[in-house]
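The values are calculated or read from the model by the stated rules, or taken from the named source; none is laboratory data. Bear in mind the structure is a predicted one, so any value in this text is a computation, not a measurement. With ideal geometry, Cβ positions are generated from the backbone for all residues, glycine too; neighbour counts draw on all protein chains shown.
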Amino acid sequence: MTRSVADARLFLDIIGENFEGNTNPRLNKRGIIYSEDLGFAPVNTDVRDAFRAVIESMRQADFQMIEDNPGLTSSVKTWAITACYDAAENARGSAYNIDYLGEVAKGFIDFGEQFSEADFAAAQKQRKVIRGHYQQMFKRHNARILVTPTLGCEAFPHGAIHPHKIDDTHIEMPWLDWASFLYDANLTGMPACAIPMGLGDEGLPLSLQILGPVGSDYEVLRVAEEIEKLIGWDNSIVTPANSSLGQTA
């Protein structure tokens, strides 16, 4: 949504006028949790290499890095039931003509029609479980930040809705679980910031995600801005080959 973390902070200042978080937090380099796969997610080799390079760069910059994960499996079903059931419910009571929607949006609504109110209620209970696992992870390390890849693959070509394969995992119906790192922030309300971390084997962008507990928005942005400086991304042309930190050409 923005070209830099600084712009993202400005954007938050504008839309979050009554936000109660510390808008200018001190940079805390202690207790930064990281995970390259959350313990379960498929990740391509070029993404792992780039991610490990970022983590090493953070260590050299005196960040205290702790490898851990919340001890969960993919939340794709909880997310899909929540989002699609809600979309189908809203579509039923909408005054808008859904015929004007694109095929992907219609498919989203149609998928939600198969779920019951009981399915939705069970998904909401699971959201609390997911939130609890993250709270416990942060608490056991007295930490406020988690760093992961944003996706397990580089950006896929324009026109594609999702990648067909990540590492050895085929992305198949009905769940199409290709965004394993993204569901939990949506389900729990944790703030998350994604920043570029170079280019993959096909010369397309790779991305890093920085997350924190609910209410830590400005802390997430503070750490994200520091990592952005370490990576050296300045929206210029970057070298795709063997440049896992995206150094400018």
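Of all the listed residues (PHE156, PHE115), the sole one being assigned to a loop (DSSP other than H, G, I, E, B) and in contact with a Leu (Cβ under 8 Å, 6 or more places away or on another chain) is PHE156. Of everything in segment 27-45 that is within 18 Å of ALA192 (Cα to Cα) and charged (D, E, K, R), the residue that is modelled with the lowest pLDDT is LYS29.
Evaluation of GLN136 against the conditions (1) farther than 26 Å from ILE195 by Cβ; (2) touching a residue at least 40 places away in the same chain (Cβ under 8 Å); (3) surrounded by 14 or more Cβ atoms within 10 Å (Cβ to Cβ) shows that the sole unmet condition is (3). Restricting the search to segment 43-94, which residues are polar (S, T, N, Q), over 30 Å from GLU113 (Cα atoms) and in contact (Cβ under 8 Å) with a residue 40 or more places away in the chain? Passing the criteria: ASN44, THR45, SER57, ASN69. Charged (D, E, K, R), modelled with pLDDT under 95 and assigned to a helix (DSSP H, G or I): does that describe ASP99? So ASP99 passes the test.
The residue that is surrounded by the fewest Cβ atoms within 10 Å (Cβ to Cβ), counting only those in segment 8-58 that are in a loop (DSSP other than H, G, I, E, B) and of a type in the set (Lys, Arg), is ARG26. Figure legend. Inter-residue proximity from segment 174-190: first residues within 19 Å of ASN69 (Cβ to Cβ), second residues crowded, with 21+ Cβ neighbours inside 10 Å and aliphatic (A, V, I, L, M), beta-carbon distance below 6 Å, spacing 6+ or different chains. Indicated pairs: SER180/ALA41; ALA185/LEU211; MET190/LEU211. Does ASP13 qualify as being within 20 Å of the chain's Cα centre (by Cα) and of a type in the set (Asp, Glu)? No. Determine whether LEU151 is at positive phi and assigned to a loop (DSSP other than H, G, I, E, B). In short, no. Just one of the listed residues (ILE161, ILE166, ILE171) is β-branched (Val, Ile, Thr), touching a strand residue (DSSP E or B) at 6+ places or on another chain (Cβ under 7 Å) and closer than 22 Å to ALA80 by Cβ, namely ILE171. In segment 232-249, the residue that is nearest to MET137 (Cα to Cα) out of those that are surrounded by fewer than 22 Cβ atoms within 10 Å (Cβ to Cβ) and modelled with pLDDT of 50 or more is LEU245.
Based on this model, can you work out whether THR2 counts as surrounded by fewer than 18 Cβ atoms within 10 Å (Cβ to Cβ) and under 24 Å from GLY200 (Cα atoms)? Yes. Residues in segment 114-133 that are touching a residue at least 40 places away in the same chain (Cβ under 8 Å) and touching a helix residue (DSSP H, G or I) at 6+ places or on another chain (Cβ under 6 Å) were compared, and the one that is surrounded by the most Cβ atoms within 10 Å (Cβ to Cβ) is ALA123. Within segment 159-173, if we keep just the residues that are touching a residue at least 60 places away in the same chain (Cβ under 8 Å) and outside any loop (DSSP other than H, G, I, E, B), the residue that is nearest to ASP49 (Cα to Cα) turns out to be ILE166.
Filtering segment 61-96 to residues that are in a loop (DSSP other than H, G, I, E, B), modelled with pLDDT under 95 and surrounded by 14 or more Cβ atoms within 10 Å (Cβ to Cβ) leaves nothing.
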